[in-house]
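Engineer: Below you'll find the structure I mean.
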Amino acid sequence: MENFNILLEKYANLCIKVGINIQKDQPLVINAPVEGAEFVRLLAKHAYEAGAKEVHVNWNDGDLTRMKYEYAPMEVFENFPKWYADGLEDYAEKGAGFLSISAQDPYLLKGIDPKKIAANNKATSIGLMKFRNYTMNDINAWCVISIPTRKWAKRVFPDVSEEEAVEKLWDAIFKALRIYEDDPVEAWRKHLKNIEDKVNFLNEKNFKKLYYKSSKGTDLEVELPEGHLWAGGGGKNSKDIYFVANMPTEEVFTMPHKYGVNGIVYSSKPLNYGGNLINNFSLTFKEGKVVDFTAEEGYEVLKDLLDLDEGAKRLGEVALVPYDSPISNSNIIFYNTLFDENASCHFALGKAYPTNLKGGTDMKEEELDKAGVNDSLTHVDFMIGTEDLSIVGETREGEKFQIFENGNWAF
C-alpha cells in the first residue's frame with residue numbers, strides 16, 4: 001500500500017481531532033489490543049501534541065482472554081475486578097476522553113462454555129454500570145474506532161494470506177473512514193453536515209410510529225415516545241465539546257417506546273457478540289418484549305443475551321442507515337458491529353440512550369420508565385437493513401410518509 005505511514009498519520013490525527021476531539025490538559029484513556037501497539041503510540045503522539053495531559057492505555061490480548069476462559073474457574077467470570085472499574089470511574093471524574101479500539105476475532109470464544117461467557121457479560125455489565133453512565137449520557141467524550149488484527153483480518157478475507165488479509169482490511173477501513181481524501185478532517189465535516197440535515201428533518205416530522213417491511217419477512221411496528229430526539233454523526237459532552245462516538249458512522253438514531261414494538265424482525269448480517277457469532281436470527285415482539293426467537297447459528301448465545309435481564313428483551317435504539325452507503329457498497333461483512341451496523345439499518349437490544357429524549361439526562365429512573373425509555377445492563381446492536389427495506393413513518397396527526405424505499409432514504 002502506497003504511503004502507508006502517511007495514511008496512518010492521517011487516521012490517527014482524525015481520531016484525535018474529530019473523534020475524541022481532545023482538549024488541552026484533558027486525560028485520554030485508550031482501550032486497545034496489544035497487537036495494535038504501534039498505532040496506539042501514534043494516537044498517543046497526536047494526543048500529546050494536541051495538548052492531552054496524560055494518555056493511559058488499557059491493553060487486552062485475545063490469546064490470553066481465550067486461555068482464561070479455557071482454564072479459569074467459573075467464580076472468576078462471576079466477579080468483575082473492582083479496581084478496574086474504580087480506575088475508569090476515576091478518569092471519568094477527571095474529565096477524560098475514552099477511545100476504544102474494536103478489533104476482536106469474531107470466533108475468539110467459539111467452543112467456550114456459554115455459561116462462562118454469560119456470567120462474564122453480566123458481571124462486566126454490573127461492574128461497569130456506574131462508569132457507563134458517563135458515556136451513555138455523553139458526560140465524557142468517547143469514541144470507538146478499529147484497526148486490523150491478524151485473526152480478525154483472516155476471518156474477513158479467508159482466501160488470501162494473513163499478510164494480504166491485513167492489508168486488505170486496512171484498505172477497507174481507510175475507505176470507510178475517508179482517509180484517502182486529501183483532507184479527511186474536512187471530508188468528515190461535510191459528511192457530518194449531511195447526517196445533521198437528516199436528523200433535523202426527522203426531528204421536525206416528530207413521527208409517532210415507524211412501519212418496517214422487507215422480503216426477508218420483517219413486518220414490524222415501532223412506536224416512538226413523546227419527546228424522542230433523533231441524533232447522528234456527533235454530539236456534545238457535558239462541557240459542550242463536540243465529539244464523534246463511532247468512526248465510521250453513517251447512522252441517524254433515536255429510541256423506541258419500550259412497550260410499543262410489535263411484530264417480527266429478521267437479521268440481515270451476522271452479530272458478533274461475546275466472541276461468538278449469532279447468525280440468521282429472528283425476534284418476535286409483543287408490546288415491546290421479545291416473546292419468541294430463532295437462530296440458525298448461536299441460538300444459546302442469543303438466549304443468554306435475552307436472559308441477561310428484563311430490559312435485554314426490549315429495544316433501546318432505532319437506527320437508520322442507507323443500503324447505498326460506503327461500507328454497504330464494499331460488499332464486505334466485517335463481523336464487527338462497528339462496521340456492520342454502519343452498513344445497515346439496525347436496532348439495539350437493551351438500554352436506551354437518555355440523550356435521545358428531551359430532558360432525558362436529567363430524569364430519574366422512574367421518570368425515564370414512565371416516558372417509555374428502556375433500561376438494561378446491556379446495549380447490543382443487530383443489523384436488519386436490506387436492499388428492499390421499506391420504512392413508513394406516521395406522524396402524530398396521522399400523516400404517512402415514506403422514509404426508506406428499496407433500502408435507501410426516500411427523501
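The values are calculated or read from the model by the stated rules, or taken from the named source; none is laboratory data. Nothing here was measured: the structure is a model prediction, and the numbers come from that model. Ideal geometry is used to build each Cβ from the backbone, glycine not excepted, and the neighbour counts take in all protein chains shown.
Engineer: Condition first: among the small types (Gly, Ala, Ser) and surrounded by 20 or more Cβ atoms within 10 Å (Cβ to Cβ). Now tell me which residues in region 350-382 satisfy that.
Structural biologist: If the condition is that a residue be among the small types (Gly, Ala, Ser) and surrounded by 20 or more Cβ atoms within 10 Å (Cβ to Cβ), then Gly350, Ala352, Gly360, Ala371, Gly372, Ser376 are the ones that fit.
Engineer: Then there's this: Could you list, in sequence order, all residues of region 116-170 that are of a type in the set (Gly, Ala, Ser) and over 18 Å from the mean Cα position of the chain (by Cα)?
Structural biologist: Ala118, Ala119, Ala123, Gly127, Ala153, Ser161, Ala165
Engineer: Of everything in region 387-406, what is assigned to a loop (DSSP other than H, G, I, E, B) and either polar (S, T, N, Q) or crowded, with 17+ Cβ neighbours inside 10 Å (or both)? Give them in sequence order.
Structural biologist: Result: Leu389, Asn406.
Engineer: Would you check if there is a residue in region 94-104 being in a helix (DSSP H, G or I) and in the same structural domain as Asn58 (by TED's automatic domain parsing)? Before you say what the answer is, go through the steps one by one.
Structural biologist: Let us first name the residues in region 94-104 that are in a helix (DSSP H, G or I), namely none.
No, that holds for no residue.
Engineer: While we're looking at this one, here's another question. Being under 20 Å from Ser100 (Cβ atoms) and small (Gly, Ala, Ser) is the filter here; which residues of region 225-248 pass it?
Structural biologist: Ala231, Gly232, Gly233, Gly234, Gly235, Ser238, Ala245
Engineer: Now a separate question. Quick one: which residue in Gly227, Gly217, Gly235 is at pLDDT below 95 and among the small types (Gly, Ala, Ser)?
Structural biologist: Details: Gly227 fails: at pLDDT below 95; Gly217 fails: at pLDDT below 95.
The match here is Gly235.
Engineer: I need every pair where a residue in region 46-75 that is touching a residue at least 60 places away in the same chain (Cβ under 8 Å) has its Cβ under 6 Å from the Cβ of a residue that is of a type in the set (Gly, Ala, Ser) and surrounded by 15 or more Cβ atoms within 10 Å (Cβ to Cβ), sequence separation at least 6 or different chains.
Structural biologist: From region 46-75, no pairs qualify.
Engineer: Exactly one of (1) over 27 Å from Lys303 (Cβ atoms); (2) out of contact with any strand residue (DSSP E or B) (no Cβ under 8 Å at 6 or more places or on another chain); (3) at pLDDT 95 or above is unmet by Asn137. Its number?
Structural biologist: Going through (1) over 27 Å from Lys303 (Cβ atoms); (2) out of contact with any strand residue (DSSP E or B) (no Cβ under 8 Å at 6 or more places or on another chain); (3) at pLDDT 95 or above one by one, Asn137 breaks only (3).
Engineer: How about region 275-306: which of its residues are of a type outside the set (Asp, Glu) and assigned to a helix (DSSP H, G or I)?
Structural biologist: Matches in region 275-306: Tyr299, Val301, Leu302, Lys303, Leu305, Leu306.
Engineer: Turning to a different aspect of this structure: Suppose the filter is under 26 Å from Ile117 (Cβ atoms), in contact (Cβ under 8 Å) with a residue 40 or more places away in the chain, part of a strand (DSSP E or B) and not charged (D, E, K, R); does Asn272 pass it?
Structural biologist: When the stated conditions are applied, Asn272 passes them.
Engineer: Separate question: If Lys82 passes every condition in (1) charged (D, E, K, R); (2) modelled with pLDDT of 95 or more; (3) in contact with a Leu (Cβ under 9 Å, 6 or more places away or on another chain) but one, which one does it miss?
Structural biologist: (3)
Engineer: Determine the pairs where a residue that is more than 19 Å from Ser146 (Cα to Cα) and among the acidic types (Asp, Glu), located within region 179-196, has a partner that is modelled with pLDDT of 95 or more and not in a loop (DSSP other than H, G, I, E, B) with Cβ atoms under 8 Å apart, the partner being 6 or more residues away or on another chain.
Structural biologist: Cβ pairs passing all conditions: Glu196/Gly232.
Engineer: Now for a different question. So is Glu38 among the acidic types (Asp, Glu), within 21 Å of Ala119 (Cβ to Cβ) and modelled with pLDDT of 95 or more or not?
Structural biologist: Working: among the acidic types (Asp, Glu): yes; within 21 Å of Ala119 (Cβ to Cβ): no; modelled with pLDDT of 95 or more: yes.
Against the criterion (among the acidic types (Asp, Glu), within 21 Å of Ala119 (Cβ to Cβ) and modelled with pLDDT of 95 or more), Glu38 does not qualify.
Engineer: On to the next question. Just a yes or no: is a residue in region 205-225 over 25 Å from Glu387 (Cα atoms) and buried (at least 20 other Cβ atoms within 10 Å of the Cβ)?
Structural biologist: Yes, that holds for at least one residue.
Engineer: Can you confirm whether Leu108 is aliphatic (A, V, I, L, M) and touching a residue at least 12 places away in the same chain (Cβ under 8 Å)?
Structural biologist: The answer is yes for Leu108.
Engineer: For region 195-233, enumerate the residues that are within 20 Å of the chain's Cα centre (by Cα) and either more than 13 Å from Phe253 (Cβ to Cβ) or of a type outside the set (A, V, I, L, M) (or both).
Structural biologist: Glu196, Lys198, His228, Trp230, Gly232, Gly233
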